[in-house]
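So the structure is just underneath, and the comments pick up after that.
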Amino acid sequence: MPELPEVETVARQLAPALTGRRVVAVQVFDPKIDPASLEPLIGRTITAVRRIGKQVGIGFSQPGIPEAGPWLCIHLRMTGRLAWAPDCRQPPVAPLRVRFRLDRGALLFHDTRRFGTLTLYPTLRDATPAGIDPTGRAFTPARLTAWLAQSASPIKVWLMRQDRLVGLGNIYVSEALHRAGIHPARPARSLSFDEAARLHKALRLILRSAIRCGGTTIFNFENAVGAAGQFQRRLRVYGREGDPCARCRTPIQRLVQQQRSTFFCPTCQH
DNA sequence: ATTATATCCTGATCGC
DNA sequence: TGCGATCAGGATATAA
């Protein structure tokens, strides 16, 4: 499922149910995951749940130093789902990989394709990626322009990498480029300052709007309470090959960049 | 140093 | 209806 708005949605939904809960046991149902790696969490209390880049971060208590405990980062990749369940005694079924039994209910990690990852970091600082969050204050038009000037990559490919801006994926990159009127194959360094500023604005607008909608559901994204997102109704190009552009009626085209589909309007985007 | 390809997995969908 | 090929919102290791 998950790009930034979907992960933000899940983290916000889980926070009230998980904060203050104590981990009673961790059950691992997938041989790809080493149960010993999660053992340090047993007995600890959850102090915070928040999105960190494209991951759901869960902060834990440290006896004596409540704010300095370890953080568990869960990357959902393509098919991961997190949900709180009131009953922790249900028999585990198919895509369930890990169940964290809590003093009230349980946190379930389902993941059909098993691409998702669980990583335990000693502190929040260790769990924080080097790149910056596109919804945060550090992301400015000047910052974006300076970065783009250094790269000959197609702008679409550049936006997808996670070492500068953290959290963008295939859907929102296509949508933001369309809104900004920029062709996805343009070399990053060919964008003018005005174009970079337009792209900056489009990215923030799209992300904010998608978070308000609870994310996008295309295949099987479900948020933490099992509901679908609503942003798919607002997609203007993603998955709409052949449909008329909402602005100029030209049929939307699809191209492949790095084995990923990119959707764009050949008239509106230059 | 960038930039392509292969790979991790499973399930839904497409075309014949 | 059945069956193999293809594709899927991610990211990394390896190759070129």
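Numbers below:
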| quantity | calculated |
| --- | --- |
| Among the candidates A:Ala224, A:Ala188, A:Ala197, residue that is small (Gly, Ala, Ser) and within 21 Å of A:Gly53 (Cα to Cα) | A:Ala224 |
| Single match in A:Ala36, A:Ala15, A:Ala25, A:Ala48 (criterion: surrounded by fewer than 19 Cβ atoms within 10 Å (Cβ to Cβ), outside any helix (DSSP H, G or I) and either in contact with a Ser or Thr (Cβ under 7 Å, 6 or more places away or on another chain) or free of Cβ contacts under 8 Å to residues at least 40 places away in the same chain (or both)) | A:Ala48 |
| Test for A:Arg44: is it closer than 30 Å to A:Ile218 by Cβ, more than 16 Å from DNA strand B (Cβ to nearest atom) and of a type in the set (Lys, Arg) | no |
| Condition check for A:Ala142: of a type outside the set (Val, Ile, Thr), part of a strand (DSSP E or B) and either surrounded by fewer than 17 Cβ atoms within 10 Å (Cβ to Cβ) or touching an Asp or Glu at 6+ places or on another chain (Cβ under 9 Å) (or both) | no |
| Residue list for region A:195-229, filter: in a helix (DSSP H, G or I) and of a type outside the set (D, E, K, R) | A:Ala196, A:Ala197, A:Leu199, A:His200, A:Ala202, A:Leu203, A:Leu205, A:Ile206, A:Leu207, A:Ser209, A:Ala210, A:Ile211 |
| Residue among A:Leu118, A:Leu144 that alone is among the hydrophobic types (A, V, I, L, M, F, W, C), within 26 Å of A:Arg161 (Cβ to Cβ) and touching a helix residue (DSSP H, G or I) at 6+ places or on another chain (Cβ under 6 Å) | A:Leu144 |
| Some residue of region A:129-150 being within 18 Å of A:Lys32 (Cα to Cα) and within 16 Å of DNA strand B (Cβ to nearest atom) | no |
| Tally, over region A:51-68, of residues that are within 20 Å of A:Ala106 (Cβ to Cβ) and in a loop (DSSP other than H, G, I, E, B) | 1 |
| When residues of region A:119-139 are limited to those that are in a loop (DSSP other than H, G, I, E, B) and of a type in the set (S, T, N, Q), the one modelled with the highest pLDDT | A:Thr135 |
| Those residues of region A:160-194 which are in a helix (DSSP H, G or I), away from DNA strand B (no atom under 16 Å from the Cβ) and surrounded by fewer than 20 Cβ atoms within 10 Å (Cβ to Cβ), in sequence order | A:Phe193, A:Asp194 |
| Condition check for A:Ile218: β-branched (Val, Ile, Thr), surrounded by 14 or more Cβ atoms within 10 Å (Cβ to Cβ) and away from DNA strand B (no atom under 16 Å from the Cβ) | no |
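The values are calculated or read from the model by the stated rules, or taken from the named source; none is laboratory data. Predicted model only: the values in this text are computed from it and were never measured. FYI the Cβ positions are ideal-geometry reconstructions off the backbone, even for glycines, and counts take in every protein chain you see.
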